[in-house]
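Presented below is the structure to which this report refers.
The values are calculated or read from the model by the stated rules, or taken from the named source; none is laboratory data. Please read all numbers here as calculations on a predicted model, not as lab measurements. FYI the Cβ positions are ideal-geometry reconstructions off the backbone, even for glycines, and counts take in every protein chain you see.
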Amino acid sequence: MEKLYEGKAKVIYPGPETGVVRVYFKDDATAFNGQKRAQIAGKGVVNNQVSAALFRYLEAHGIPTHFIRQLSEREMLVKQVQIVPLEVIVRNRTAGSFSRRYGVEEGRVLPYPLVEFSYKNDALGDPLIYDDAALALGLVNGSELARIKELALKVNALLKEYFAQRNLELIDFKLEFGRLLHSAAPTDERGAIVLADEISPDTMRLWEMGTGEKMDKDRFRRDLGGVEEAYQEVLRRVQAAPSA
């Protein structure tokens, strides 16, 4: 089948009807804006199934998403969107680029969840961008930006609780949002902002509660080993019932 788009971790194919597409999750892994590349066995299976479970959970708690249903271990059916060219990062503790940028140790609890934006542009290395610049460049309008911030903070609150019930702490994560291109369901409004892309160990930092062991893509970025095992463990906990 002809590809509509192929990115670093996913391939997009036409769906069975107008307004929907199929997303295939690959095992390819990249870090540092594509400078580090490898294959992680089973990563696509984990990311597809974790994303599907989290999209269902968020939808059940009032978050609009592009998700329709899971098709297979590696594929899901989603509503077609125009991706807003902003990566939305929500931080609960200091880690990664935030710690390096400001010279602070990893793991410091922030006084409130911090929302940052990066301009989605591979040629520029996805630089940080402030709100007024995003508006001035026409990447979003004011109401869209306010809606994205509102949804990102709601997603953070929901996922923090979700993972805490599974003995994992949500340190930070990246989200992407899109504008619906079609009305694929009776409740859809064309142009409405919805959560898109994926939510997986590729896009989150998850630390084991009590030990701080990394259970996410940092194991690949930092050559810590046990990448496949960590991803599989996250999937196992997502599929298991929450602890009391």
Worksheet item: Which of the residues belonging to the stretch 1-18 are in a loop (DSSP other than H, G, I, E, B) and either more than 19 Å from the chain's Cα centre (by Cα) or loosely packed, with under 11 Cβ neighbours inside 10 Å (or both)?
Response: 1, 2, 3, 4, 15, 16, 17, 18
Worksheet entry | Wholly within the stretch 42-150, helices (runs of 4 or more DSSP H) carrying at least 1 residues that are outside the structural domain of residue 189 (by TED's automatic domain parsing), within 20 Å of residue 5 (Cβ to Cβ) and in contact (Cβ under 8 Å) with a residue 60 or more places away in the chain | 43-60
Worksheet item: Which of the residues spanning the stretch 186-215 are touching a residue at least 60 places away in the same chain (Cβ under 8 Å), among the small types (Gly, Ala, Ser) and over 19 Å from residue 9 (Cα atoms)?
Response: 192, 212
Worksheet item: Given the structure, is residue 106 among the acidic types (Asp, Glu) and out of contact with any Leu (no Cβ under 9 Å at 6 or more places or on another chain)?
Response: yes
Fill in: Search result, residues across the stretch 182-199 that are in a loop (DSSP other than H, G, I, E, B) and either more than 25 Å from residue 44 (Cβ to Cβ) or among the small types (Gly, Ala, Ser) (or both)
182, 183, 184, 185, 186, 187, 188, 189, 190, 191, 192
Discussion item. Residues that are surrounded by fewer than 18 Cβ atoms within 10 Å (Cβ to Cβ), without any contact (Cβ under 8 Å) to a residue 40 or more places away in the chain and part of a strand (DSSP E or B): does the stretch 151-170 have at least one?
Written reply: no
Response to the item:
The correct count of residues that are in contact (Cβ under 8 Å) with a residue 60 or more places away in the chain, in contact with a strand residue (DSSP E or B) (Cβ under 6 Å, 6 or more places away or on another chain) and either assigned to a loop (DSSP other than H, G, I, E, B) or of a type in the set (A, V, I, L, M, F, W, C) (or both) in the stretch 216-230 is 1
Fill in: Set 144, 106, 116: member being of a type outside the set (A, V, I, L, M) and more than 20 Å from residue 31 (Cα to Cα)
144
Worksheet item: Looking only at the stretch 198-233, which residues are closer than 21 Å to residue 70 by Cα and either surrounded by fewer than 22 Cβ atoms within 10 Å (Cβ to Cβ) or in the same structural domain as residue 89 (by TED's automatic domain parsing) (or both)?
Response: 198, 199, 200, 201, 202, 203, 204, 232, 233
Worksheet item: Since residue 36 meets every condition but one in (1) farther than 23 Å from residue 169 by Cα; (2) without any contact (Cβ under 8 Å) to a residue 12 or more places away in the chain, which condition does it not meet?
Response: (2)
Worksheet item: When you look at residue 34, is it in contact with a helix residue (DSSP H, G or I) (Cβ under 9 Å, 6 or more places away or on another chain), surrounded by fewer than 16 Cβ atoms within 10 Å (Cβ to Cβ) and modelled with pLDDT under 95, yes or no?
Response: yes
Discussion item. Given the options 46, 21, name the one that is of a type in the set (A, V, I, L, M), over 14 Å from the mean Cα position of the chain (by Cα), on the phi < 0 side of the Ramachandran plot and surrounded by 15 or more Cβ atoms within 10 Å (Cβ to Cβ).
Written reply: 21
Worksheet item: Of the residues that make up the stretch 80-97, is at least one surrounded by fewer than 17 Cβ atoms within 10 Å (Cβ to Cβ), more than 23 Å from residue 219 (Cβ to Cβ) and in contact with a Gly (Cβ under 9 Å, 6 or more places away or on another chain)?
Response: yes
